[in-house]
């Protein structure tokens, strides 16, 4: 049970960071989708902490955000 809570906390933290950094740079969900292929629904769900992105999706998002000098 404790591991599940830790995983949920990590998913929520990732989502909060993703949302903050995306907004700091003025990037819309649509632009992020167009540049990474991660759908707006997946991005919104991740930002709410409702679901986790796959490692590949995280890599594509991270790569794009690094080019934008966000992370």
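Can you tell me which residue in the stretch 29-38 is surrounded by the most Cβ atoms within 10 Å (Cβ to Cβ), limited to those that are under 16 Å from residue 63 (Cα atoms) and touching a helix residue (DSSP H, G or I) at 6+ places or on another chain (Cβ under 8 Å)? Before you say what the answer is, go through the steps one by one.
Pass one, the stretch 29-38, residues under 16 Å from residue 63 (Cα atoms): 29, 31-38.
Filter once more, keeping what is touching a helix residue (DSSP H, G or I) at 6+ places or on another chain (Cβ under 8 Å): 29, 32-33, 35-38.
Values: 29: 17, 32: 23, 33: 15, 35: 16, 36: 21, 37: 12, 38: 21.
Looking at residues that are under 16 Å from residue 63 (Cα atoms) and touching a helix residue (DSSP H, G or I) at 6+ places or on another chain (Cβ under 8 Å), I get 32.
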Residue 56 fails exactly one of (1) assigned to a helix (DSSP H, G or I); (2) modelled with pLDDT of 95 or more; (3) surrounded by 14 or more Cβ atoms within 10 Å (Cβ to Cβ), namely (3)
Pairs returned, first residue in the stretch 10-24 that is more than 13 Å from residue 45 (Cα to Cα), second residue that is crowded, with 16+ Cβ neighbours inside 10 Å and modelled with pLDDT of 90 or more, beta-carbon separation under 9 angstrom, 6 or more apart or interchain, are 10/52; 21/27; 22/29; 22/32; 22/43; 22/47; 22/61
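The values are calculated or read from the model by the stated rules, or taken from the named source; none is laboratory data. None of the values given here were measured: they were computed from a predicted structure. Glycine gets a Cβ as well: all are built from the backbone with ideal geometry, and neighbour counts include every protein chain shown.
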